[in-house]
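The values are calculated or read from the model by the stated rules, or taken from the named source; none is laboratory data. All figures in this text were calculated on a predicted structure; none of them were measured in a lab. Here Cβ is always computed from backbone atoms with ideal geometry, including for glycine, and neighbour counts include all displayed protein chains.
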Amino acid sequence: MKLQQYLNLWCSMTFLGLLQTLSVHSLTTTTPRTVEAPLPDLYEASILELQHGLDAGQFTSVDLIKAYFARIEEVNIQGPGLRAVIEMNPSALEQAAALDAERAVIGKRSLLHGIPILLKDNIATVAPEGMNTTAGSFALLGSVVPEDAGVVKRLRKAGAIILGKANLSEFAEFRGNLPSGWSGRGGQTSNAYFPHADPCGSSSGSGVATSIGLTTVALGTETDGSITCPTGNNNLAGVKPSVGLTSRAGVIPISEHQDTVGPMCRSLTDAAIVLSLIAGPDPNDNFTSAQPLPVPDYTLALNPNTLSKARIGVPRKVFLDSGSGFGANETLGAIGEAFEEALGVLRELGAEVVDPADLPDAEEIAQSGNETVVLDTDFKIQINAWLEGLVSIPSGVRSLADLIAFDNANPALEEPVNFTSQSEFIASEATTGFTDAYFQSLAFDHELGRTRGIDAVLEMFNLDALVLPAMGLTTVPAAIAGYPIVTVPLGFFPPNTPVVPGSAGPETVYPAPGVPFGLSFLGTAFSEFELIGFGYAYEQRTKTRLGRRAFEGAIPKTQLGDVVGK
């Protein structure tokens with residue numbers, strides 16, 4: 001059985017016996033390294049740059065893993081203590097060596113061949129590999145999942161290397177009064193652009209690690225804001241896909257109606273590459289059967305002229321007026337100013353900006369409590385099924401009620417400073433299943449987010465997409481509709497920004513000087529291709545990410561040159 005698991009893990013490589021006889025040393029003798037070209041800077045290195053270096057023999061995937069591991073060691077617990085990574089993959093070097101050998105013998109499988117990728121710690125990986133899947137909680141430490149998550153199977157098939165697991169807001173920020181980016185196992189994740197700044201949750205570790213090159217790319221998950229917000233707060237490009245585009249099988253759930261898995265990267269080019277390989281139907285997630293086929297090659301959307309003649313709407317009402325704080329709140333006014341400048345860039349790129357283009361039900365969306373009804377009900381049912389489906393779990397936790405009891409019995413492990421209540425867990429446990437009120441709330445969410453929300457405003461003004469800053473209520477309509485969001489860097493808080501204690505918890509601050517914020521493009525179901533094109537055109541014109549780096553102490557010093565040939 002163990003042998004079969006091992007073979008499955010390596011995707012039943014045709015020449016496995018031959019490849020295992022090839023060492024990294026022999027690889028260097030058959031494929032001489034090219035030393036003339038400069039090695040990529042891992043702070044910004046793209047998938048394409050790394051593939052070029054791997055193909056040219058400048059370095060190997062083993063070198064990449066060693067360099068990333070060293071960079072994580074520098075800043076994760078030591079130095080600034082960013083706590084972006086919960087654990088590193090003990091099998092990564094072995095996997096890298098096999099993929100290096102495969103590259104030498106039969107070539108690469110895809111653009112992700114030999115490329116390290118970090119996973120949020122709610123995305124399952126098989127136990128023989130040596131990592132946990134815990135959602136950041138000690139309650140799930142040592143638990144054994146039955147198989148890899150659906151997206152992980154696709155990554156392995158593409159030849160990617162799982163570098164490790166990223167920290168997160170515990171249970172994807174669904175327990176209750178927890179700081180954004182805090183988990184029992186991982187501690188408090190901190191933004192790399194200002195000491196102790198809020199990274200935003202719940203894919204906080206994925207965002208921070210990618211922002212400074214602790215990994216090439218990362219995966220996050222979103223129920224409502226958990227890819228979009230940390231993408232914006234960490235100067236990244238990210239895609240929150242339509243529900244049903246990427247598989248949620250093997251992902252610790254909140255709600256099957258809103259959960260989705262997407263890439264968090266330093267560029268939309270990298271995000272398009274990753275999304276093209278993880279999207280697609282999965283028999284273990286029936287929501288994926290609704291997506292249009294074939295799955296697009298999202299890299300074909302990367303056209304700098306995409307905004308020419310596009311119609312982009314600005315839903316100001318509720319989302320940009322005094323209710324959201326932009327402009328009305330002095331400390332957040334920089335976001336409003338940068339957003340107005342961004343609209344000018346869209347116009348320069350040929351877009352017709354329809355402003356305002358308000359959602360007809362904007363106030364209802366802001367005030368509705370239906371999302372809470374749906375999430376509370378779904379979570380109890382789906383987390384119980386997840387826990388029951390584990391092969392084993394040392395803590396003995398097999399239900400939401402058990403989780404609540406475990407947390408109460410282990411406050412030193414599971415409760416941060418100033419913790420008051422597991423309010424969401426308790427509210428979810430109190431639900432009684434699929435009641436009439438649940439189905440009414442779900443239907444009303446779809447009506448608010450889709451037919452009287454995003455779809456209504458797109459049709460009313462003949463729009464191709466909507467655009468908003470990537471924070472506040474921006475994520476709610478797309479969350480309840482199950483629709484996509486593409487986010488790119490918009491700007492940074494200016495040097496004179498007052499440092500404010502963060503709502504994420506006593507250990508964080510927000511806003512603060514130099515902390516990034518993002519710009520989001522929203523559209524209808526499965527409009528990722530168009531949204532990536534719009535975001536790419538804006539990203540390429542502005543190159544905002546390159547305008548500022550992390551604070552000095554948070555920038556790892558190890559580069560490929562420190563490990564190649566050593």
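Residues that are surrounded by 22 or more Cβ atoms within 10 Å (Cβ to Cβ) and among the hydrophobic types (A, V, I, L, M, F, W, C) within region 131-144 comprise MET131, ALA135, ALA139, LEU140, listed in sequence order.
When ILE454 is tested against (1) touching a residue at least 12 places away in the same chain (Cβ under 8 Å); (2) over 27 Å from PRO356 (Cα atoms); (3) of a type in the set (Val, Ile, Thr), just one condition goes unmet, and that condition is (2).
Restricting to region 106-131, name every residue that is in a helix (DSSP H, G or I) and farther than 13 Å from GLY159 by Cβ.
Keep residues of region 106-131 that are in a helix (DSSP H, G or I), which gives 106, 127-129.
Listed by number, the residues that qualify are ALA127, PRO128, GLU129.
Residues that are charged (D, E, K, R) and within 17 Å of GLU170 (Cβ to Cβ) were ranked within region 381-412; the one that is surrounded by the most Cβ atoms within 10 Å (Cβ to Cβ) is ASP407.
Sort out which residues of region 477-500 are of a type in the set (Val, Ile, Thr) and within 17 Å of the chain's Cα centre (by Cα), and write them in order of number. Give the derivation first.
Filtering region 477-500 for residues of a type in the set (Val, Ile, Thr) gives 480, 485-488, 497, 499-500.
Residues satisfying the conditions are ILE485, VAL486, THR487, VAL488.
Of the helices (runs of 4 or more DSSP H) lying entirely inside region 163-244, those containing at least 1 residues that are under 21 Å from ALA554 (Cα atoms), modelled with pLDDT of 95 or more and touching a Phe, Trp or Tyr at 6+ places or on another chain (Cβ under 7 Å) span 228-233.
In the set (1) in contact with a strand residue (DSSP E or B) (Cβ under 9 Å, 6 or more places away or on another chain); (2) at pLDDT 95 or above, the condition left unmet by VAL499 is number (2).
If the requirement is being part of a helix (DSSP H, G or I) and more than 30 Å from THR306 (Cβ to Cβ), which of these qualifies: GLY535, GLY561, GLY565?
Values: GLY535 fails: more than 30 Å from THR306 (Cβ to Cβ); GLY565 fails: part of a helix (DSSP H, G or I).
Step by step, each of GLY535, GLY561, GLY565 is checked, and only GLY561 is part of a helix (DSSP H, G or I) and more than 30 Å from THR306 (Cβ to Cβ).
Of all residues assigned to region 485-500, none qualifies as being over 29 Å from ALA357 (Cβ atoms) and buried (at least 21 other Cβ atoms within 10 Å of the Cβ). Any residue at all in region 103-117 that is within 26 Å of ALA192 (Cβ to Cβ), free of Cβ contacts under 8 Å to residues at least 60 places away in the same chain, in contact with a helix residue (DSSP H, G or I) (Cβ under 7 Å, 6 or more places away or on another chain) and among the hydrophobic types (A, V, I, L, M, F, W, C)? So far as region 103-117 goes, no, none of its residues is within 26 Å of ALA192 (Cβ to Cβ), free of Cβ contacts under 8 Å to residues at least 60 places away in the same chain, in contact with a helix residue (DSSP H, G or I) (Cβ under 7 Å, 6 or more places away or on another chain) and among the hydrophobic types (A, V, I, L, M, F, W, C). Residues in region 464-507 that are in a loop (DSSP other than H, G, I, E, B) and at positive phi: GLY482, GLY505.
I need the strands (runs of 3 or more DSSP E) fully contained in region 257-361, keeping only those with at least 1 residues that are more than 27 Å from ASP445 (Cα to Cα).
Working: elements: 260-265, 311-313, 352-354.
Ranges flagged: 260-265, 352-354.
Only one of the numbered conditions (1) in a helix (DSSP H, G or I); (2) in contact (Cβ under 8 Å) with a residue 60 or more places away in the chain; (3) under 26 Å from ALA465 (Cβ atoms); (4) not aliphatic (A, V, I, L, M) is not met by ASP407, and that is (3). Of the residues PHE439, PHE493, PHE517, only one is aromatic (Phe, Trp, Tyr) and in contact with a Ser or Thr (Cβ under 9 Å, 6 or more places away or on another chain); which? After applying the criteria, what remains is PHE493.
Scanning region 424-454 for residues that are under 23 Å from SER169 (Cβ atoms) and not in a helix (DSSP H, G or I) yields a total of 2.
Any residue that is touching a strand residue (DSSP E or B) at 6+ places or on another chain (Cβ under 7 Å), more than 18 Å from ASP270 (Cβ to Cβ) and either hydroxyl-bearing (Ser, Thr, Tyr) or surrounded by fewer than 24 Cβ atoms within 10 Å (Cβ to Cβ) (or both) - is there at least one of those in region 114-126? Yes, region 114-126 contains a residue that is touching a strand residue (DSSP E or B) at 6+ places or on another chain (Cβ under 7 Å), more than 18 Å from ASP270 (Cβ to Cβ) and either hydroxyl-bearing (Ser, Thr, Tyr) or surrounded by fewer than 24 Cβ atoms within 10 Å (Cβ to Cβ) (or both).
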